[in-house]
Amino acid sequence: MPEFEGVDYYGLDELLSEEQKRIRKTVRAWVDERVMPLIADCYENHRFPDELIPEMAELGFFGANLKGYGCAGVDNISYGLMMQELERGDSGLRSMASVQGSLVMYPIYTFGSEEQKQKYLPALARGEIVGCFGLTEPEHGSDPGGMETTAVDAGDHYVLNGTKTWITNADVADLAVVWAKLDGEIHGFLVEKGTPGFSAAPIEGKFSMRASHTGELYLNDCKVPKENRLPEARGLKAPLMCLNQARYGIAWGVVGAAMACYEEALHYCLERKQFGKPIASFQLVQEKLVDMLTEITKAQLLCFRLGQLKDQGKVKHTQISLAKRNNCRMALDVARKARDLLGGNGITLDYQAIRHMTNLETVYTYEGTDHIHTLIVGHDITGIEAYR
Ligand SMILES: Cc1cc2nc3c(=O)[nH]c(=O)nc-3n(C[C@H](O)[C@H](O)[C@H](O)COP(=O)(O)OP(=O)(O)OC[C@H]3O[C@@H](n4cnc5c(N)ncnc54)[C@H](O)[C@@H]3O)c2cc1C
């Protein structure tokens with residue numbers, strides 16, 4: 001494959017600042033040089049490239065749009081472009097950065113005490129410690145408000161009991177942000193690896209997100225020090241605010257995966273000959289390529305405007321839901337079309353389409369399923385809740 005040049009049919013680059021383009025160029029080059037040579041092997045062997053974590057930290061991926069505490073403090077369009085380029089490499093890498101930044105650093109940054117911020121944020125930004133976010137439970141996915149994990153005040157500490165599942169980074173995390181009900185109200189707790197009563201295990205046999213750590217967290221009479229509760233996080237709104245940050249990154253990230261699939265399919269169709277001609281010369285093939293490019297372009301425009309609104313402090317969570325829903329649908333559809341255009345080769349890891357396609361099945365489901373985002377926007381425009 002030639003070097004990735006990006007997909008920019010509508011000249012969106014003209015709207016980017018020199019700094020935003022510089023950041024994208026740096027991440028793009030890093031992904032080409034460091035991720036692309038090893039990602040198919042990682043995927044095949046069900047392994048996250050942990051060796052890249054220090055470099056990811058060095059490039060400022062972790063909590064990039066937060067300010068202070070060793071974070072890069074970039075604007076939200078730059079942050080989105082970083083997520084786009086990372087996910088152009090693999091959704092597993094973007095997931096790692098999303099969890100570390102949006103689901104672990106953001107809640108500490110937003111709901112934590114000054115001591116908690118000083119203690120954890122710089123180390124998380126430097127990648128010295130890895131975090132995870134424990135919200136989903138075996139019986140409560142789309143409806144996290146029904147969670148069964150409890151915290152009980154035991155004087156100088158809390159006692160946590162429960163199980164969290166489908167947790168990115170669970171089995172390798174040094175620090176878990178665990179959501180539990182204390183006197184019936186949801187609170188966030190910082191649970192360090194090695195805390196008595198706390199353990200984790202990987203989930204095996206995934207056919208999606210194979211280059212990503214995913215596991216379960218177990219809390220059995222887990223003793224969490226009093227100072228490890230996030231003082232400002234109260235109620236379901238707190239974890240939902242974290243998810244909103246991550247969903248913003250996902251809306252951008254999946255565009256990267258779609259761009260990778262489109263570019264690969266375009267090159268393939270120009271080179272692959274059937275009936276004595278490049279398959280790109282057939283009308284049905286061109287239609288697919290044009291559909292892919294059109295949907296990518298529309299998704300890029302959504303992201304750009306979403307970034308502007310976020311930087312202006314005006315973005316609504318429903319607007320993020322609309323973009324997460326649309327762009328995940330779009331990316332999955334583009335990946336499937338690319339897989340089709342690659343014919344039999346499309347089912348091998350020699351090409352990117354099948355890896356992105358299977359990853360995107362997860363991205364479509366996590367951080368709010370397609371249905372849930374439909375209902376969030378539906379609620380917003382009609383005023384009627386249709387979740388239950
Ligand atoms: C690889 C991976 C990584 C993940 N990482 C994390 C993580 O780091 N932290 C974390 O906390 N969670 C994580 N998750 C969990 C993820 O957020 C959940 O899988 C997701 O929220 C869906 O929950 P569920 O799997 O229990 O499905 P369910 O909620 O059981 O949904 C199953 C189906 O029912 C539909 N459905 C449910 N309720 C409604 C409704 N009211 N109306 C219409 N349809 C409905 C859903 O849309 C879906 O189609 C991860 C998941 C995966 C696969």
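Coordinate-derived values only; no laboratory data. All figures in this text were calculated on a predicted structure; none of them were measured in a lab. Cβ coordinates were reconstructed from backbone atoms using ideal geometry, including for glycine residues, and neighbour counts include every protein chain displayed.
Among Thr297, Cys328, Thr318, whose Cα lies farthest out toward the positive end of the dipole of region 237-382, if unit charges sit on the beta carbon of Lys, Arg (+1) and Asp, Glu (-1)?
Thr318
Using r as the Cβ-Cβ distance of Gln312 and Asp291, and R0 as 30 Å, what FRET efficiency do you calculate, to the nearest 0.05?
Values: r = 32 Å, r/R0 = 1.08.
With R0 = 30 Å, the Cβ-Cβ based efficiency is 0.40.
Once the Cβ-Cβ distance between Lys206 and Asp370 is put in as r, and R0 is 22 Å, what FRET efficiency do you end up with, to the nearest 0.05?
Values: r = 19 Å, r/R0 = 0.88.
For Lys206 and Asp370, the calculated efficiency is 0.70.
Using only the alpha-carbon atoms, what does the chain span along each of its principal axes? Please give whole angstrom values in decreasing order.
The principal-axis extents, from largest down, are 78, 45, 42 Å.
Starting from 0.36 nm per residue, how many nanometres of slack lie between Glu185 and Lys226 once their C-alpha separation is accounted for?
That pair, Glu185 and Lys226, stretches by 13.1 nm at full extension.
Using a Förster distance of 41 Å, how high is the FRET efficiency between Glu33 and Ala386, based on the Cβ-Cβ distance and rounded to 0.05?
About 0.30, to the nearest 0.05.
Under 5 Å between amide hydrogens, which residues at least 5 positions from Leu230 or on another chain qualify, with H placed 1.01 Å from N in the peptide plane?
Excluding prolines and chain starts, which carry no amide H, the hits are Gly188, Phe189, Leu190.
Got a sec? How would Met292, Met36 order by Cβ neighbour count within 10 Å, fewest to most? Each step should come with its number before you reach the end.
On the way: Met292 25, Met36 17.
Result, fewest neighbours first: Met36, Met292.
Taking region 236-340, which chymotrypsin sites (Phe, Trp or Tyr not before Pro) meet the DSSP loop condition and have no more than 13 other C-beta atoms within 10 Å? Show your work: numbers first, answer last.
On the way: sites: Tyr248, Trp252, Tyr262, Tyr268, Phe275, Phe282, Phe304; in loops: Phe275, Phe282.
Listed in order of number, the matching sites are Phe275.
Between Ser113, Ala123, Val31, whose Cα lies farthest towards the positive end of the dipole of region 27-141 when Lys and Arg beta carbons carry +1 and Asp and Glu beta carbons carry -1, centred on the Cα centre?
Ser113
Which pairs in the list Lys119/Lys206; Lys273/Lys337; Lys25/Lys67; Lys119/Lys314; Lys288/Lys324; Lys117/Lys181 are over 25 Å apart, alpha-carbon to alpha-carbon?
Lys119/Lys206; Lys119/Lys314
Calculate the length of the line joining the C-alpha centroid of region 363-384 to that of region 229-308, in whole Å.
That distance is 19 Å.
Taking the Cβ of each residue in Cys269, Cys303 as the centre, tally the other Cβ atoms inside 10 Å and list the residues starting with the fewest.
Neighbour counts put them in this order, fewest first: Cys269, Cys303.
Sort 69-81, 11-23 by the packing proxy (mean of other Cβ within 10 Å over each peptide's residues), most packed first.
Working: 69-81: 21.5, 11-23: 12.9.
Result, highest mean Cβ count within 10 Å first: 69-81, 11-23.
Rounded if a/c is under 1.5, else prolate if a/b is larger than b/c, else oblate: which is region 237-382, with a ≥ b ≥ c the root eigenvalues of its Cα gyration tensor?
Details: a/c = 2.75, a/b = 2.24, b/c = 1.23.
Cα axes put region 237-382 in the prolate bin.
Could you check the spin-label model distance between Asn345 and Lys237? Points 7 Å from the Cα along Cα→Cβ, value in nm.
5.4 nm
When the helices in the chain are scored as -39500 (n - 2.57) per DSSP H run of 4 or longer and the sum is shared across all residues, what 222 nm value do you end up with, to the nearest 500 deg cm²/dmol?
Mean residue ellipticity, 222 nm, calculated: -15500 deg cm²/dmol.
Quick one: Ser91, Ser281, fewest Cβ neighbours within 10 Å first, how do they rank?
The most exposed by this proxy come first: Ser281, Ser91.
Out of residues 5 or more away from Tyr158 or on other chains, whose amide H comes under 5 Å of its own, with H placed 1.01 Å from N in the peptide plane?
Here Val224, Lys226 satisfy the definition.
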